[in-house]
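The values are calculated or read from the model by the stated rules, or taken from the named source; none is laboratory data. Predicted model, so just to flag it, every value in this text is computed and none were measured. Don't worry about glycine lacking a Cβ; one is built from the backbone with ideal geometry, like all the others, and counts go over all protein chains shown. These accessible areas exclude ligands, DNA and RNA; they are computed on the full protein's heavy atoms, side chains included. Shrake-Rupley method; radii C 1.70, N 1.55, O 1.52, S 1.80 Å.
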Amino acid sequence: MMDESILNNIKKLLGLASDYTAFDTDIIIHINSVFNTLHQLGVGPVTGFMIDSDTDTWTEFTSSDILLNSVKTYVYLRVRLLFDPPDSSYARDAFDKQAKEIEWRLNVQANT
């Protein structure tokens with residue numbers, strides 16, 4: 001079964017072990033910034049959402065598996081661009097383009 005911890009999932013995608021906590025505060029700040037963007041797009045809980053530790057889970061954000069798949073990718077892409085952007089401008093542009101497309105699709109889905 002996949003670890004449903006938001007922080008641990010994003011850390012894994014960033015190439016960090018879940019028990020390596022040196023950058024947790026930085027990553028949490030970036031994750032919460034992305035959740036704020038999602039809230040402004042109309043995605044997630046009406047009251048907004050934020051995390052403060054590795055105990056916060058994806059299902060607390062939404063129970064929709066269809067929505068959640070895109071949300072996980074979007075959060076990772078945006079956090080990666082903030083926390084550890086690729087050295088290559090081509091890679092950065094590709095990450096940004098993919099994130100913008102997911103953002104658009106999430107916005108459409110949230111407003112239908």
When all protein chains stay in place, what accessible area (Å², nearest 10, 1.4 Å probe) is found for residue 18? 70
Here the gain from full extension of residue 73 to residue 33, 0.36 nm per residue of separation minus their alpha-carbon distance, amounts to 12.9 nm
Order these peptides, 44-53, 21-30, by their mean beta-carbon neighbour count within 10 angstrom, highest first. 21-30, 44-53
Subtracting the Cα-Cα distance from 0.36 nm times the residue separation, let me have the gained length for residue 90 to residue 55 in nm, one decimal. 9.1 nm
Per the 1.4 Å probe, what fraction of the accessible area of the chain, in percent, lies on carbon and sulfur atoms? 52
Relative contact order of the chain, defined on C-alpha pairs under 8 angstrom at six or more residues apart (%): 30
How large is the Kirkwood hydrodynamic radius of the chain, in angstrom, based on all distinct alpha carbon pairs? 14.3
Accessible area expressed per residue, the chain, with surrounding protein chains retained (probe 1.4 Å, Å²): 60
Using R₀ = 25 Å, calculate the FRET efficiency as 1/(1 + (r/R₀)^6) where r is the Cβ-Cβ separation of residue 63 and residue 105; round to 0.05. 0.85
Let me cross-check residue 73: its accessible surface, 1.4 Å probe, with only protein heavy atoms counted, in Å² to the nearest 10? 50
Please report the accessible area of residue 108 (heavy atoms, 1.4 Å probe, ligands and nucleic acids excluded) in Å², nearest 10. 60
